[in-house]
Amino acid sequence: MIICLDIGGSTIKAARAAGPDFTLAHMGRHPTPLNDFEAFADLLGSICQQSGAAASDPLSMSITGVVAPETRVMTCANIPCIDGLVLADDLSERLGRPVLISNDADSFTLAEAHRGAGRGR
């Protein structure tokens, strides 16, 4: 199973992907904590617990902002509490599971290329 989050400046959309074809089951929407990293991490932890995923199952996030490839530092103007963090490492340590982060526009492009309107092109 993979816990999937789409993190924006106003809401976090959650789902879990399970089974051989990674079928998505929606897990709701939550307001994004913008200025409090503890609240941000606690919310993600709560979503992980509600998913029923094992601790070894990854949390995969598409997020507004970018991760510098050489330093892994997050740049995110509209979620100040995560700006400047090595977010994947910080969350992985706190949540006790692998954390993968990608830019939301990159994630959208890959989804369209593999499962959407861009498939086969």
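The values are calculated or read from the model by the stated rules, or taken from the named source; none is laboratory data. This one's a predicted model, so the numbers in the text were calculated from it and none came from an experiment. For neighbour counting, all protein chains shown are included, and Cβ atoms are generated from backbone atoms with ideal geometry for every residue, glycine included. Accessible surface is based on the protein model in full, side chains and every heavy atom, while ligands, DNA and RNA are left aside. Shrake-Rupley method; radii C 1.70, N 1.55, O 1.52, S 1.80 Å.
A few comments on the model shown:
- Residue that is nearest to G52 (Cα to Cα) [pool: residues in segment 95-121 that are more than 19 Å from the chain's Cα centre (by Cα) and among the aliphatic types (A, V, I, L, M)]: A113
- Scoring S51 on the criteria (1) closer than 17 Å to G8 by Cβ; (2) surrounded by 14 or more Cβ atoms within 10 Å (Cβ to Cβ); (3) polar (S, T, N, Q) leaves a single failure, condition (1).
- Test: residue in segment 29-47 that is open to solvent by 20 Å² or more (accessible area, probe 1.4 Å), farther than 21 Å from I82 by Cβ, free of Cβ contacts under 8 Å to residues at least 40 places away in the same chain and of a type in the set (A, V, I, L, M, F, W, C): no
- Listed conditions (1) assigned to a loop (DSSP other than H, G, I, E, B); (2) modelled with pLDDT under 95; (3) open to solvent by 50 Å² or more (accessible area, probe 1.4 Å) are all met by T71, apart from (2).
- Meets criteria (closer than 24 Å to S10 by Cβ, buried (at least 17 other Cβ atoms within 10 Å of the Cβ) and under 15 Å from the mean Cα position of the chain (by Cα)) for L87: yes
- Summed over segment 99-117, the residues that are open to solvent by less than 60 Å² (accessible area, probe 1.4 Å) and either touching a residue at least 60 places away in the same chain (Cβ under 8 Å) or under 17 Å from I2 (Cα atoms) (or both) give a count of 6.
- Each residue in segment 77-97 was checked for being outside any helix (DSSP H, G or I), touching a strand residue (DSSP E or B) at 6+ places or on another chain (Cβ under 7 Å) and in contact (Cβ under 8 Å) with a residue 40 or more places away in the chain, and 2 of them qualify.
The rows are residues; the columns are (1) at pLDDT below 95; (2) of a type outside the set (D, E).
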{"position": "A18", "(1), (2)": "yes, yes"}
{"position": "H26", "(1), (2)": "no, yes"}
{"position": "R29", "(1), (2)": "no, yes"}
{"position": "D36", "(1), (2)": "no, no"}
